[in-house]
1. List pairs: first residue in region 71-86 and free of Cβ contacts under 8 Å to residues at least 12 places away in the same chain, second residue not polar (S, T, N, Q) anywhere in the structure, Cβ distance under 9 angstrom, at least six positions apart or on different chains.
2. Go through region 1-16 and give me each residue that's among the small types (Gly, Ala, Ser) and farther than 16 Å from Leu124 by Cα.
3. Taking Leu102 as meeting all but one of (1) surrounded by fewer than 17 Cβ atoms within 10 Å (Cβ to Cβ); (2) modelled with pLDDT under 95, write down the number of the exception.
4. Where in region 1-48 are there helices (runs of 4 or more DSSP H), lying wholly inside it, with at least 2 residues that are of a type in the set (Ser, Thr, Tyr) and under 27 Å from Arg64 (Cβ atoms)?
5. Does any residue of region 43-65 turn out to be within 18 Å of Ala134 (Cβ to Cβ), surrounded by 15 or more Cβ atoms within 10 Å (Cβ to Cβ) and hydrophobic (A, V, I, L, M, F, W, C)?
6. Restricting attention to region 50-68, report how many residues are under 18 Å from Leu17 (Cα atoms), more than 10 Å from the chain's Cα centre (by Cα) and not in a helix (DSSP H, G or I).
7. Output the residue which, of all residues in region 69-91 that are of a type in the set (S, T, N, Q) and either part of a loop (DSSP other than H, G, I, E, B) or at positive phi (or both), is surrounded by the fewest Cβ atoms within 10 Å (Cβ to Cβ).
8. Inspect region 3-20 for any residue being touching a Pro at 6+ places or on another chain (Cβ under 7 Å) and aliphatic (A, V, I, L, M) and give the result as yes or no.
Amino acid sequence: MMGAGKTTIGKKLASRLRYRFLDTDALVEKTAGQPISQIFAQSGEPAFRQLESAVLSQTSAYTRLVVATGGGIITQPMNWSYLRHGIVIWLDVPIPILVSRLSGDTSRPLIQTVDLTAKLETLLRERGDRYAQADIHIPYEGRSVGKTCDRILAAVQKNIREPRRAADPIIINQPLINPPAANPANINPAN
């Protein structure tokens, strides 16, 4: 969600990991040569989402990179194939905190001239099931950026050691593959 702190936390996380940092919104603006608000005003949200997907597809080819995306990037199904090139982290911040962070923000086109709380609630309802598909869920605790990065790093280490399974494991019954030697006393000569 917008206002969750993806860029701020992403920069700090990249610094700690000694990775590069990219923000897809900044790259979209650079590519288009105009701010996102102008892209929305002149070309509409679909044009923005198309640019956003193109930028994500290019960034997904890199390694040792922390990428902050716009909160709506998950609305395009094809973007999940790009996001899965890495570990997807959901910074889950309650709506009242987002409202306090975003009040007065004039740079975000989706929240202009609307009831901010109602819009954020609608976006979360529409996107929540997709956010929940993230590899790591970091609920808001009101801690510093550094402490949040500590939590993310611990969760990433755990995720690498214990990856999420997409399906139940397949169990092969070993005795059927390599049956034990038959006990001669149990062999029925009629068979």
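The values are calculated or read from the model by the stated rules, or taken from the named source; none is laboratory data. Since the structure is predicted, the reported quantities are computational estimates derived from the model, not experimental observations. In this analysis, Cβ positions are derived from the backbone assuming ideal geometry, glycine residues included, and neighbour counts consider all displayed protein chains.
1. Arg84/Asp135
2. Hits for region 1-16 are Gly10, Ala14, Ser15.
3. Looking at each condition in turn, Leu102 falls short on (1).
4. Helices (runs of 4 or more DSSP H) meeting the threshold: 6-17, 24-32.
5. Checking region 43-65: at least one residue is within 18 Å of Ala134 (Cβ to Cβ), surrounded by 15 or more Cβ atoms within 10 Å (Cβ to Cβ) and hydrophobic (A, V, I, L, M, F, W, C).
6. Quick first cut of region 50-68, residues under 18 Å from Leu17 (Cα atoms) only: 59-60, 62-68.
Narrowing the set further to residues that are more than 10 Å from the chain's Cα centre (by Cα) leaves 59-60, 62-66.
Still in the running and not in a helix (DSSP H, G or I): 60, 62-66.
Of the residues in that region, 6 qualify.
7. Initially, region 69-91 is screened for residues of a type in the set (S, T, N, Q), giving 69, 75-76, 79, 81.
Going one step further and asking which of them are either part of a loop (DSSP other than H, G, I, E, B) or at positive phi (or both), we end up with 69, 76.
Numbers: Thr69: 22, Gln76: 15.
Among those that are of a type in the set (S, T, N, Q) and either part of a loop (DSSP other than H, G, I, E, B) or at positive phi (or both), it is Gln76.
8. Scanning region 3-20 turns up no residue that is touching a Pro at 6+ places or on another chain (Cβ under 7 Å) and aliphatic (A, V, I, L, M).
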